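Visitor: Provided herewith is a single structure, encoded as C-alpha cells, for subsequent inquiry.
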Amino acid sequence: MKHLVQILLCIIAYTGLAGCSEESALKPGAFGSAQPIGSDCPDVLPNVGGDLCGLYQVPLDWTSTEAQTIDVFLRSFPRNTSSRGQLWVIDGGPGASGATFSDPGFVALIHQMGWDLYLPMHRGIGFSSYLDCGINQLPLDENYVSVCSDVLRKKYADKINWFSAIGAAHDLNYLIQHNNPGNLPVVMMGTSYGTYLTQRFLQLFDSNIDAAILLSGTNLAPRFEFVSHQEEQTFRRLLTLCNDQSECAAMFESTAYEAAQTLILEDGWQSCSQIVSNPQEVSIWFRNLAASQLREKLPLTIKKLTRCNRQDAEWLAAQLLELNELESRKRQQLFQFNPLMNHHQIFTELLSPEQEIPTPFDFPEKALLGKPASTYVSLRKDWLSRTPPLELPNQLSTEIPILALHGGLDIQASVEWFDDLTSQFISSMQHAILFPTAGHGTPSYTALNSGENCSWLLVEEFLNGSKLQLNTQCVKEVKPLRFATE
C-alpha cells in the first residue's frame, strides 16, 4: 500500500498538486550487481501485460561511484519467440518518460519487426529518481528559478549537473550491459530530445551498441537564439505549400504567407480578440496547430482570424477546443513527464555558456515565440549550474550505422539542426532522409496509399537488412499534404 500511495503521488505531481519522492514501486538493486529485469511492474503504467521492469541503483556522479546514488527505471517488452535484437527507445522532452512508447500498437510493430523493445526512464523522470523542487508546473519566472535553485542546491550540491544527457548516457550503458545476457544486437532509437541523448551516448559508448536511429531530432549545439526565426521559416514553408494548391491559395485575397504575415507580424490577430485575448496565446495556438494532426486547418484558421465574423468566431472556438483536447490527451499519455527536468536540462545543456547566447537576448516580440522566450533565456544566468559534468565536443564523430529521419515542416526541431547533424556523418552506413511535408515525429506524416508507413519501412529495413544501402523509393510515394477548404 505504501508503494501504491507513492506512485499515486508521483502521478499527482505531474498535475502540479503534490511532490514526488524518490521511492518507487520497486526496490532498487545495489550498484554493480547483475540484477535481472523482472516481472514486478507498477500497475499504473499503460499496457501492462507481457512487460518486465527493473529499478537500478546507479551513481549520481559517474566519476565517483562510491558517492551518492540515484535510481533508474527500465521497462521492456520481450517477444514471445526468438528475437533479432534489442531496440532501446529514448523518449523526447526533455522530461518525457517513455510511457507513450508502451502503446500496444507500437509494441506490436517492433515485435513484428523481430525485435525486443526496451523503454528506459532516464534520471529525473517517471519512476527513476524524480527531480523535484516542490513547485512543478508553475510558470518559468524569477520565483521559479530562485526557489528551484535553492532546493536543488541543498539536495545535490554541485552534482546537480549530472542530471543531464551525459549522466543519462552512463546510466543507459549500465542498463544495456546488465540486460543483454544473450549478447544480442542492440540499436538505440532516439526521438526528438532523445536524439540529443543518443548522440551523447554515441560520443561515450558507441562501441557498445550496433546502430542508432535518430527521429526528428537535433544536433549537439542547437542555437536557441535562432528558434523564432527557424519557426517562422518552417511556417513559411507550410504556407508555400498552401499557395501551391489553388483551392487553398484561393481562400485568401492575397498569397497565404501575406495573410499570415498580417496576422503574425502586424497584430492582425487583435481583430478576433473574442477568441484569443493576446498575441502570445495566438502564437502558441499556431505553433501547436502547425505541429498537430489539425495542421490542414491552418490556412482556414488564418482566414477566419483576419475576417472574423460571428460564424468565423464560432468555428474558431470549436477548433480551439478540439486542439486543446488533443493537447490534453497528449499530456495524459505523458503522465510521467517532469517539467522541472525539462527546464533543468534546457538550462544546463541547451542554453550553456559556450553557445555565446547574449544575456538577456530579446526575441522579436511578434515572432512565434515572442517575449516568453526572451525571459526564458535571460533567466538562465540564475540557474545553479550550467557546467556540463564532463567536457564533450558539440560534434558527433562515429562510424556506427545511423538512420536519421526528419520532416521539412518540423517546428519543434528545425531543418537547420538536422542539416548540421547529418553534415557530420562520415560513414557510408549513415543515412539522412528528409520528408519535405512531414512534421515532428515523421511516422505521423509518412503514410502510403498501400496502408504502410514509409518511416517504419525504412526503420525495419535498417534494422534487419544491409546498412550500406536503403531503398528510399517510398519517400517519393508519401501521401501529399492537402489543406482543408471551406
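Visitor: Length gain on complete extension for the stretch GLN68 to ILE426, per 0.36 nm per residue less the alpha carbon to alpha carbon distance?
Guide: 125.0 nm
Visitor: Taking R0 as 51 Å, what FRET efficiency do you get between SER82 and ILE135 from their Cβ-Cβ distance, rounded to the nearest 0.05?
Guide: 0.55
Visitor: When Lys and Arg each count +1 and Asp and Glu each count -1, what net charge do the other residues less than 11 Å away from MET251, Cβ to Cβ, add up to?
Guide: Residues near MET251 contribute 0 overall.
Visitor: Also: Under 11 Å from the Cβ of GLN311, count the other residues' Cβ atoms, weight Lys and Arg +1, Asp and Glu -1, and hand me the total.
Guide: Once positives and negatives cancel, what remains is 0.
Visitor: Which whole-angstrom value gives the distance between the alpha carbon centres of the range 82-156 and the range 430-486?
Guide: Centre-to-centre (Cα) distance: 26 Å.
Visitor: Ok, one more. Mind listing the Cα extents of the range 393-476 along all three principal axes, in Å, largest one first?
Guide: That gives 42, 32, 16 Å along the principal axes, largest extent first.
Visitor: Another question about this same structure. Would you mind computing, in nm to one decimal, how far apart the modelled labels at ASN143 and ARG237 are, each placed 7 Å from Cα along Cα→Cβ?
Guide: Placing both labels 7 Å beyond Cα along the Cβ direction yields 4.0 nm.
Visitor: Something else: Using 31 Å as the Cα-Cα cut-off, could you pick out the over-long pairs in LYS304/LYS476; LYS304/LYS330; LYS159/LYS467?
Guide: Cα-Cα > 31 Å for LYS304/LYS476; LYS159/LYS467; rest within.
Visitor: In addition: Quick one: order ILE209, ILE176, ILE402 by neighbouring beta-carbon count within 10 Å, fewest to most.
Guide: Ascending number of Cβ neighbours within 10 Å: ILE176, ILE209, ILE402.
Visitor: I would also like to ask the following. Which FRET efficiency, nearest 0.05, do PHE226 and ASP43 yield, Cβ-Cβ r, R0 56 Å? Let's see the in-between values first.
Guide: Numbers: r = 45 Å, r/R0 = 0.80.
It comes to 0.80.
Bear in mind these aren't lab numbers, they're just calculated from the coordinates by the rules spelled out. Predicted model only: the values in this text are computed from it and were never measured. Neighbour counts run over all protein chains shown; Cβ positions are idealised from the backbone, glycine included.
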